[in-house]
Amino acid sequence: MTSIKIKFRPSINAGKEGSIYYQIIHNRQVRQILSCHKMFPDEWNAQNSTVFIGIRQDVERLNRIIKMLDERNGVYTADDVVEEYDNYRRSYSLFGYIEAIITTLKQRKRIRTAETYQATLNSLRKFFVESGYLMAGEVMLDCISSEIVEDYEAYLQAKGLVPNTTSFYMRILRAIYNRAVDDGILDRKNPFRHVYTGVEKTVKRALSVDSIRMIKSLELPARSSLDYARDMFMMSFYLRGMSFVDMAFLRKADLVRGYISYRRRKTGQSLTIKWTQEMQDIVNKYPVNTTCYLLPIITNSAVNELNAYRRCGYKINFNLKIVAELASLEIPLTLYYARHSWASIAKSKGVPLSVISEGMGHDSELTTRIYLASLDASIVDNANSLIISSL
């Protein structure tokens with residue numbers, strides 16, 4: 001039988017905070033673990049000390065370790081409990097765990113997904129600092145409790161974030177939690193049951209065939225920044241709504257015998273697209289790219305390529321808003337409209353939902369991919385030709 005007692009050790013200096021430590025007793029062997037929690041003598045109350053969040057989490061962690069050792073073979077010492085506790089604190093910090101996931105995603109070339117995890121990590125760091133939780137020391141994975149999750153949602157709402165944005169962070173954090181459960185680090189307790197993780201309907205970012213045709217035929221100064229922005233928008237549309245990051249990193253070697261073959265950086269899914277004359281006409285307008293990339297987006301290999309792609313995307317989206325005004329479109333046009341528009345127009349042309357899903361490279365998390373098995377690439381290419389020819 002192993003017991004845990006929470007103890008308070010006053011500071012030897014008057015007016016200073018004392019320390020909290022845990023006494024582990026097993027087979028009459030007593031060991032101590034010094035916690036990172038501090039408090040003044042008048043704050044200490046041995047009867048209700050476990051109401052402090054950090055202390056409660058430490059005790060839960062110790063109980064989980066003791067349970068594991070009991071189930072393993074039941075033969076262990078108080079020193080073993082202390083060692084396992086120290087190992088846990090070294091190995092399973094929340095921030096360190098997320099950083100490891102980000103590293104893995106980058107190694108697998110899932111750059112966009114890695115960026116969403118990085119954004120969530122940055123947000124969590126600010127939350128724990130600004131909310132005062134980091135005063136209790138390192139944030140561990142098992143701090144993902146209902147209480148913390150609800151506090152995090154309230155923190156995001158107080159920042160003025162809309163429900164879809166708070167839900168974005170909650171879904172990423174939930175994915176991190178579920179991964180830790182699958183890794184055997186945490187017990188599944190569903191701490192997200194009281195927060196919003198859905199997706200509200202937003203204003204559709206899709207244009208009609210007539211609007212796309214207006215953008216395409218708009219008279220713009222040749223090779224100007226507006227012309228370039230329009231060309232990249234049309235290229236995305238021609239490429240079945242390909243995301244800008246995938247366009248930027250298309251390599252010349254990806255174009256073989258009239259087909260582009262690439263992997264989506266967001267999901268790692270492999271896609272093949274027939275290269276059309278409309279696509280080649282855009283490429284022919286610009287000087288030959290001296291880098292390994294196909295399109296005139298990253299044109300200098302001596303710079304940070306990721307930063308170059310982002311800066312280019314910002315400039316294009318800025319200029320697309322001007323293009324929209326010139327085309328009398330009362331919308332804040334961005335590159336993402338090309339992706340939505342391809343899907344919307346395909347649907348209006350009677351293209352089956354499964355073909356649209358295959359054409360856009362949706363992954364298994366989307367409902368349109370649930371019943372999709374595999375399609376002949378020519379079916380998707382025919383759908384793309386049907387859309388392009390209607391312009």
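For Ala343, indicate whether it is among the small types (Gly, Ala, Ser), out of contact with any helix residue (DSSP H, G or I) (no Cβ under 6 Å at 6 or more places or on another chain), crowded, with 19+ Cβ neighbours inside 10 Å and under 16 Å from Val209 (Cα atoms).
no
Do we have Gly54 as closer than 30 Å to Ser167 by Cα, part of a helix (DSSP H, G or I) and touching a Gly at 6+ places or on another chain (Cβ under 8 Å) here?
Taking the combined requirement at face value, the residue satisfies it.
Taking the residues in region 8-29 that are among the small types (Gly, Ala, Ser) and open to solvent by less than 90 Å² (accessible area, probe 1.4 Å) as candidates, determine which candidate is modelled with the lowest pLDDT.
Selected residue: Gly15.
Here is a check on your reading of the model: is Glu358 modelled with pLDDT under 85 and within 24 Å of the chain's Cα centre (by Cα)?
Answer is yes for this residue.
Which of the residues belonging to region 307-330 are of a type outside the set (S, T, N, Q) and open to solvent by 50 Å² or more (accessible area, probe 1.4 Å)?
Answer for region 307-330, where residues must be of a type outside the set (S, T, N, Q) and open to solvent by 50 Å² or more (accessible area, probe 1.4 Å): Arg310, Arg311, Tyr314, Lys315, Phe318, Lys321, Ile322, Glu325, Leu326, Glu330.
Just checking, which of Leu156, Leu207 is over 30 Å from Met68 (Cα atoms), buried (at least 20 other Cβ atoms within 10 Å of the Cβ) and at pLDDT below 90?
Exactly one residue qualifies, and that residue is Leu207.
Cβ-Cβ under 7 Å, sequence separation 6+ or interchain: first residue in region 55-83 and closer than 24 Å to Lys189 by Cα, partner surrounded by fewer than 15 Cβ atoms within 10 Å (Cβ to Cβ). Which pairs?
Filtered contacts from region 55-83: Arg56/Thr50; Val59/Thr50.
Taking Gln47, is it at pLDDT below 80, over 19 Å from Leu141 (Cα atoms) and out of contact with any helix residue (DSSP H, G or I) (no Cβ under 6 Å at 6 or more places or on another chain)?
yes
The values are calculated or read from the model by the stated rules, or taken from the named source; none is laboratory data. The structure displayed is predicted, hence computed values, not measured ones. FYI the Cβ positions are ideal-geometry reconstructions off the backbone, even for glycines, and counts take in every protein chain you see. Note: areas computed on protein heavy atoms with side chains; ligands, DNA, RNA excluded. Shrake-Rupley method; radii C 1.70, N 1.55, O 1.52, S 1.80 Å.
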